[in-house]
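Colleague: Right, I'll just put the structure down here and ask away after.
The values are calculated or read from the model by the stated rules, or taken from the named source; none is laboratory data. Everything numeric here is computed off the predicted structure, so don't read it as measured data. All Cβ positions, glycine included, derive from the backbone under ideal geometry; neighbour counts span all protein chains shown.
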Amino acid sequence: MAQSNVLPSPDEARTPEEFVRLLRRLRAWSELTYRELEVRAQRHGLHLARSTTAAVLGRGALPRAGFVHAYVAACGLTPEPWLGARQRIAAACAAPAAPAAHGAEVPAVPLVPAQLPSDIADFTGREAQLQAVEEELTGASGTPNGVVPMVAVSGMAGVGKTSLAVHAAHELSERFSDGRLFVDLRGANAAPVEPGEVLVRFLRALGVPGSAAVPDSVEELAVLYRTLSADRRILVVLDNAASERQIRPLLPGVGGPAVLVTSRHRLTSIGAVRSVELGPLPPEHGVEMLARIVGADRVAAEPEAAADIVRLCGQCPLAVRVAGARLACRRQWPLGRLAGLLRDEQRRLDELTIGDLAVRESLEPEYAALPDATRRTFRLLGLLEVPHFTAGDAAVLLDCPVGLAETHLEALVDASLLAAVPAEGVGGTRYRMHDLVRLYARERAMVEESAG
Ligand SMILES: Nc1ncnc2c1ncn2[C@@H]1O[C@H](COP(=O)(O)OP(=O)(O)OP(=O)(O)O)[C@@H](O)[C@H]1O
Ligand SMILES: [Mg+2]
């Protein structure tokens, strides 16, 4: 039988040259011209310029994954085995030269990215939320076949979104045996990471070698990313997302992968995302967390002071972490001493600072990003002495119509600087500001309102 009549198998290739040779044999087998391949690719919604095909088949370099995808699909075959072979060869080329020098076999498995940061040893509580995340990501909650499961963990600064996501991702590592991708999207910073930059990083992690060119446009990068992630058991953790716009190109296309997002913002316009809202830790978990940081003996010796510290931290994990870290490096301090310092509202935010961990600094970017009128609303709300208020109360405070007050309040809820609590008999919603957020708002009011 003439070789052109035999369908070549991508597994036969070990080097870029052999791979391209098989692609040439594939075209001979398909009996299609470059022009016909271009037209057929178009029918799949893919781009395969004749000139590119001619150039790629004429060289010995490993073609881009996007090309392989379009070319193999145009030949009428499933691209995945070819993409898998391409990725295996790319990974072997990117690997240090040592194995080849020792005559070792090229690894037959694609790269398995393991990008998760380390889990915290003293992770405490959050059982229900962990279970919700786990059920959603593993499809146990009934995500239809082929749909990418997605969970968004939201909540205020320092409430423990990243810690929960990283902990859950480690727990699920075995389920996502093809890899775990992680990126801090720096959504709370003035300059969040651009999706194109993240896509390039992810593509490299999935085996596209550093020496290989990648497309320029975000759309093409996203297509390639969807191709390489399709049907693979990959967990994608998008930490600290700024907006839907930032994460949309980073979502895989078909089932296999799953996505875990964290954000201080409510991501409402991405369809099919299960939302897990994190609030302050229950008091007993706050105390347990403190005990793990400072030592169970110290907490057992001063249980009331420990409970006071957790309460004065508003049960916010970041604040408890800072308080705990301060006590851990001052073993001679009784817990009551720190509780005493935290009781002074004027000084509390100053006390909740150690090294690069600080409650005040964690709130600053969120506040800075708000429109002027919403920032003013936030400051004035900090002066309220009541735990809950309605849009009507805010309207009186701001001296504006209720509808406008509500708009500002909702913007603050979206930024997790305010919590909305459903309530009966007060027009449906009451609002609550976390104690530490209120202290920050009041500080801003003291500085900015008196300056104005
Ligand atoms: N469940 C937990 N058990 C123990 N420590 C926790 C827990 N949750 C959070 N922490 C600690 O609290 C601090 C803040 O947590 P984390 O960074 O996860 O918050 P975040 O919500 O992601 O904050 P940001 O909005 O700034 O990204 C960290 O030091 C973390 O170690
Ligand atoms: Mg975080």
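Colleague: State all residues of the range 237-252 that are at pLDDT 90 or above and either more than 17 Å from the chain's Cα centre (by Cα) or within 16 Å of ligand 2 (Cβ to nearest atom) (or both); if no residue qualifies, say none.
Modeller: 237, 238, 239, 240, 241, 242, 246, 247
Colleague: State yes or no: is residue 205 assigned by TED's automatic domain parsing to the domain that holds residue 137 and either modelled with pLDDT under 90 or touching a His at 6+ places or on another chain (Cβ under 7 Å) (or both)?
Modeller: no
Colleague: Looking at 205, 242, can you tell me which residue is in contact (Cβ under 8 Å) with a residue 60 or more places away in the chain and either touching a Pro at 6+ places or on another chain (Cβ under 8 Å) or loosely packed, with under 15 Cβ neighbours inside 10 Å (or both)?
Modeller: Values: 242 fails: in contact (Cβ under 8 Å) with a residue 60 or more places away in the chain.
Result of the check over 205, 242: 205.
Colleague: Report whether or not residue 421 is at pLDDT below 90 and loosely packed, with under 15 Cβ neighbours inside 10 Å. It would help to see each step written out before you state the result.
Modeller: Values: at pLDDT below 90: yes; loosely packed, with under 15 Cβ neighbours inside 10 Å: yes.
Yes, satisfied.
Colleague: Okay, next question. If we scan the range 229-251, do we find a residue that is on the phi > 0 side of the Ramachandran plot, among the small types (Gly, Ala, Ser) and in contact with a helix residue (DSSP H, G or I) (Cβ under 7 Å, 6 or more places away or on another chain)?
Modeller: Residues of the range 229-251 on the phi > 0 side of the Ramachandran plot: 231, 240.
Filter once more, so that each one left must be among the small types (Gly, Ala, Ser): none.
There is no residue in the range 229-251 that is on the phi > 0 side of the Ramachandran plot, among the small types (Gly, Ala, Ser) and in contact with a helix residue (DSSP H, G or I) (Cβ under 7 Å, 6 or more places away or on another chain).
Colleague: Are any of the residues in the range 138-151 among the β-branched types (Val, Ile, Thr), closer than 30 Å to residue 15 by Cα, modelled with pLDDT under 90 and part of a loop (DSSP other than H, G, I, E, B)?
Modeller: Taking the range 138-151 first, the residues among the β-branched types (Val, Ile, Thr) are 138, 143, 147-148, 151.
Those still in the list that are closer than 30 Å to residue 15 by Cα too: none.
No - not one qualifying residue is present in the range 138-151.
Colleague: Let me ask another. Can you find a residue that is crowded, with 20+ Cβ neighbours inside 10 Å, closer than 15 Å to residue 280 by Cβ and more than 16 Å from ligand 2 (Cβ to nearest atom) anywhere in the range 316-324? It would help to see each step written out before you state the result.
Modeller: Let us first name the residues in the range 316-324 that are crowded, with 20+ Cβ neighbours inside 10 Å, namely 316-324.
From the residues that got through so far, the ones that are closer than 15 Å to residue 280 by Cβ too are 316-323.
Pick out the ones that are also more than 16 Å from ligand 2 (Cβ to nearest atom) and you get 323.
Yes: the range 316-324 contains one or more residues that are crowded, with 20+ Cβ neighbours inside 10 Å, closer than 15 Å to residue 280 by Cβ and more than 16 Å from ligand 2 (Cβ to nearest atom).
Colleague: So, of the residues in the range 54-70 that are more than 16 Å from residue 213 (Cα to Cα) and surrounded by 14 or more Cβ atoms within 10 Å (Cβ to Cβ), which turns out to be farthest from the chain's Cα centre (by Cα)?
Modeller: Here is the first cut: in the range 54-70, the ones more than 16 Å from residue 213 (Cα to Cα) are 54, 57-58, 70.
So of that shortlist, the ones also surrounded by 14 or more Cβ atoms within 10 Å (Cβ to Cβ) come out as 57, 70.
On the way: 57: 39, 70: 30 Å.
In this case the residue turns out to be 57.
Colleague: Output the number of the condition that residue 301 fails; it satisfies all remaining conditions of (1) within 16 Å of ligand 2 (Cβ to nearest atom); (2) at pLDDT 95 or above.
Modeller: Among (1) within 16 Å of ligand 2 (Cβ to nearest atom); (2) at pLDDT 95 or above, residue 301 violates only (1).
Colleague: I'd like the full set of residues that are under 17 Å from residue 168 (Cα atoms), touching a Gly at 6+ places or on another chain (Cβ under 8 Å) and assigned to a loop (DSSP other than H, G, I, E, B), limited to the range 251-278.
Modeller: Within the range 251-278, 278 is the sole residue that qualifies.
Colleague: Just to be sure I understand, how many residues within the range 328-364 are surrounded by 13 or more Cβ atoms within 10 Å (Cβ to Cβ), more than 15 Å from residue 442 (Cβ to Cβ) and in contact with a Gly (Cβ under 9 Å, 6 or more places away or on another chain)?
Modeller: Total satisfying the criteria: 3.
Colleague: A further question on this structure: Could you grab me the full set of residues in the range 293-320 that are closer than 22 Å to residue 358 by Cα, small (Gly, Ala, Ser) and part of a helix (DSSP H, G or I)?
Modeller: Correct list: 305, 306, 307, 319.
Colleague: Output the number of the condition that residue 152 fails; it satisfies all remaining conditions of (1) within 16 Å of ligand 1 (Cβ to nearest atom); (2) more than 27 Å from residue 278 (Cβ to Cβ).
Modeller: For residue 152, the exception is condition (2).
Colleague: When you look at residue 157, is it within 16 Å of ligand 2 (Cβ to nearest atom), surrounded by 16 or more Cβ atoms within 10 Å (Cβ to Cβ) and touching a residue at least 24 places away in the same chain (Cβ under 8 Å), yes or no? Before you say what the answer is, go through the steps one by one.
Modeller: On the way: within 16 Å of ligand 2 (Cβ to nearest atom): yes; surrounded by 16 or more Cβ atoms within 10 Å (Cβ to Cβ): yes; touching a residue at least 24 places away in the same chain (Cβ under 8 Å): yes.
Spelling it out, residue 157 is indeed within 16 Å of ligand 2 (Cβ to nearest atom), surrounded by 16 or more Cβ atoms within 10 Å (Cβ to Cβ) and touching a residue at least 24 places away in the same chain (Cβ under 8 Å).
Colleague: Any residue in the range 116-132 that is on the phi > 0 side of the Ramachandran plot sitting within a Cβ distance under 9 Å of a residue that is surrounded by fewer than 17 Cβ atoms within 10 Å (Cβ to Cβ)? List the pairs, counting only those 6 or more apart or interchain.
Modeller: Close Cβ pairs satisfying both conditions: 125/282; 125/284.
Colleague: Still on this model: State which residue pairs qualify: first residue loosely packed, with under 15 Cβ neighbours inside 10 Å and inside the range 284-302, second residue assigned to a helix (DSSP H, G or I) in any location, beta carbons under 8 Å apart, and separation of 6 or more residues or different chains.
Modeller: Pairs found: 300/291; 301/335.
Colleague: Of the conditions (1) basic (Lys, Arg); (2) closer than 22 Å to residue 151 by Cα; (3) not in a loop (DSSP other than H, G, I, E, B), residue 186 satisfies every one except a single condition; which number is it?
Modeller: Tallying (1) basic (Lys, Arg); (2) closer than 22 Å to residue 151 by Cα; (3) not in a loop (DSSP other than H, G, I, E, B), residue 186 fails exactly one: (3).
Colleague: Also, I was wondering about something else. When you scan the range 341-452 for helices (runs of 4 or more DSSP H) that lie fully inside it, which ones turn up with 1 or more residues that are in contact (Cβ under 8 Å) with a residue 40 or more places away in the chain and more than 30 Å from residue 152 (Cα to Cα)?
Modeller: Output list reads 345-351, 372-381, 435-444.
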